[in-house]
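Throughout, read-outs are computed from the coordinates displayed, never taken from laboratory work. All values derive from a computational prediction rather than experimental measurement. Using ideal geometry, Cβ is built from the backbone for each residue, glycine included, and neighbour counts are taken over all protein chains shown.
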Amino acid sequence: AIALVKPQAEVRRVALLLREQAPELAIQGDPDKLTQIFLNVLLNAVQFSPEGGHVEVRCQGRTLPHGRFAVVSILDEGPGIALADRERIFDPFFSTRENGTGLGLAIASRLMDEHHGYVEVASPPGKGAEFLLLFPLAP
């Protein structure tokens with residue numbers, strides 16, 4: 001997914017930084033659908049990042065009350081997500097970008113559900129957004 005997003009990132013002069021903190025984590029899923037999840041969230045991050053900014057991708061394991069998860073964090077340096085919009089960002093056809101279709105995050109969320117995972121969003125005002133993609137670890 002990073003390779004697919006790289007040309008658009010280069011046009012916008014946005015650096016893609018991959019920090020492999022836990023490469024030994026394994027998840028089960030459809031490779032094409034997993035790629036689509038990462039592609040949609042990464043494209044969104046690049047599109048909202050300022051020219052010359054960066055998007056950082058991290059991976060780590062996390063134990064939660066309902067199991068062990070691989071957590072992929074995608075952070076951008078964009079304007080962040082308004083509190084009023086956070087409830088709607090995964091709704092089909094909702095977009096705050098001019099010319100946005102509002103489908104990227106909706107599709108990513110649906111595909112996360114198919115993989116028994118979920119998405120969390122953190123967005124301090126004016127400090128970018130962080131999307132946490134939580135996937136159950138393979139048995």
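Remarks
- Using the Cβ-Cβ distance between ARG19 and ARG86 with R0 set to 25 Å, the FRET efficiency works out to roughly 0.50.
- Under Karplus coefficients 6.51, -1.76 and 1.60, residue-wise ³J(HN,Hα) of the stretch 40-51 in Hz, glycine/proline x: 5, 6, 5, 4, 4, 4, 5, 5, 8, 6, x, 4
- Estimated 222 nm signal from helices in the chain, with DSSP H stretches of n ≥ 4 weighted -39500 (n - 2.57), rounded to 500: -9500 deg cm²/dmol
- GluC sites (Glu not before Pro) restricted to DSSP loop in the stretch 9-75 with at most 13 other C-beta within 10 Å: GLU24, GLU51
- Label assignment, Rg and Dmax of the Cα atoms in Å derived from the structure, set (1) 14.4, 46; (2) 15.2, 49; (3) 14.4, 43: (3)
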